[in-house]
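The values are calculated or read from the model by the stated rules, or taken from the named source; none is laboratory data. Because the structure is predicted, anything quoted here is derived from the model rather than measured. When we count neighbours, we look across all protein chains shown, and the Cβ atoms used for this are built from the backbone with ideal geometry, even at glycine. Only protein heavy atoms, including side chains, enter the accessible area calculation; ligands, DNA and RNA are left aside. Shrake-Rupley method; radii C 1.70, N 1.55, O 1.52, S 1.80 Å.
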Amino acid sequence: SLLEKSNNINRELYESSTLKKLDEAIINANDLKNSMYQQIIDEAYFKLNEAYNNLLLKRTIEELNSIINEANNIINLGAATYTYNTYKCLVNALKEALLINDNSSDYEISRAYYLLEKNIDGMIKYSY
C-alpha cells in the first residue's frame, strides 16, 4: 500500500522539508484509515500521495553545478533551436539556479536542481 511504501522509503535520500510533509500525511492517513466515511479516507490518501510524489531527492551543490552547465549548453544553442516557451522556462530556471551558493539550504539546492532537470527534459525543438 502507499502507506507502507511511504513508511519504508530511504529517508537519507530525501530533503528534510519534503520528508516533514510526508510524515504529516502519514500520521493523518494512519489516523483516518479506519474512518467510516470514504470521502475522509480518500482525502487522506490524496494528501499522502501528493506528499509522496513531491519528495525531493537531496542534491549537492556539485550536482547542481553540473546541471547548470548542461542548461547553459542548451541555451548556447540559441533561442531559435527550441520553442519560445520551453526556452524561456529554461532560462528562468537557470537564472534562479544561479542564485544558489554555498550558503543555500539543502531544499533550495534540491529545488533548483529539480526545476532545471524538469525544464531540460521539457525542451521542445522546432521542427522546420
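Given the residues ASN54, ASN73, which is the only one that is open to solvent by 30 Å² or more (accessible area, probe 1.4 Å), of a type in the set (S, T, N, Q) and touching a Leu at 6+ places or on another chain (Cβ under 9 Å)?
On inspection, the qualifying residue turns out to be ASN54.
Name the one entry in ALA44, ALA80 that is open to solvent by less than 100 Å² (accessible area, probe 1.4 Å), among the aliphatic types (A, V, I, L, M), out of contact with any helix residue (DSSP H, G or I) (no Cβ under 8 Å at 6 or more places or on another chain) and not in a loop (DSSP other than H, G, I, E, B).
Of ALA44, ALA80, the one residue that is open to solvent by less than 100 Å² (accessible area, probe 1.4 Å), among the aliphatic types (A, V, I, L, M), out of contact with any helix residue (DSSP H, G or I) (no Cβ under 8 Å at 6 or more places or on another chain) and not in a loop (DSSP other than H, G, I, E, B) is ALA80.
Matching residues to (1) surrounded by fewer than 14 Cβ atoms within 10 Å (Cβ to Cβ); (2) aliphatic (A, V, I, L, M); (3) not in a helix (DSSP H, G or I):
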| residue | (1), (2), (3) |
| --- | --- |
| LYS88 | yes, no, no |
| LEU94 | no, yes, no |
| LEU99 | yes, yes, yes |
| ILE109 | no, yes, no |
| ASN119 | no, no, no |
| SER127 | yes, no, yes |
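Going through segment 37-88 one residue at a time, which ones are of a type in the set (A, V, I, L, M, F, W, C) and over 28 Å from ILE9 (Cβ atoms)?
ALA71, ILE74, ILE75, LEU77, ALA79, ALA80
Could you give me the residue pairs with C-beta distances under 8 Å whose first residue belongs to segment 7-25 and is free of Cβ contacts under 8 Å to residues at least 24 places away in the same chain, whose second residue is β-branched (Val, Ile, Thr) wherever it lies, and which are 6+ apart or on separate chains?
ASN7/ILE26
Search segment 30-41 for residues being assigned to a helix (DSSP H, G or I) and open to solvent by 80 Å² or more (accessible area, probe 1.4 Å), and hand back the single one that is farthest from SER105 (Cα to Cα).
GLN38
Tell me, please, whether a residue that is touching a residue at least 24 places away in the same chain (Cβ under 8 Å) and either in a helix (DSSP H, G or I) or out of contact with any helix residue (DSSP H, G or I) (no Cβ under 8 Å at 6 or more places or on another chain) (or both) can be found in segment 54-62.
The answer is yes; a qualifying residue exists.
Inside segment 1-24, can you point out the residues that are open to solvent by less than 50 Å² (accessible area, probe 1.4 Å) and of a type in the set (S, T, N, Q)?
Listed by number, the residues that qualify are SER6, SER17, THR18.
Would you check if there is a residue in segment 98-115 being farther than 28 Å from LYS20 by Cβ and at pLDDT 95 or above?
No; the residues of segment 98-115 include none that is farther than 28 Å from LYS20 by Cβ and at pLDDT 95 or above.
Residue check: is ASN49 part of a helix (DSSP H, G or I), modelled with pLDDT of 95 or more and more than 19 Å from the chain's Cα centre (by Cα)?
no
Quick check on ILE27: is it assigned to a helix (DSSP H, G or I), open to solvent by less than 80 Å² (accessible area, probe 1.4 Å) and at pLDDT 90 or above?
no
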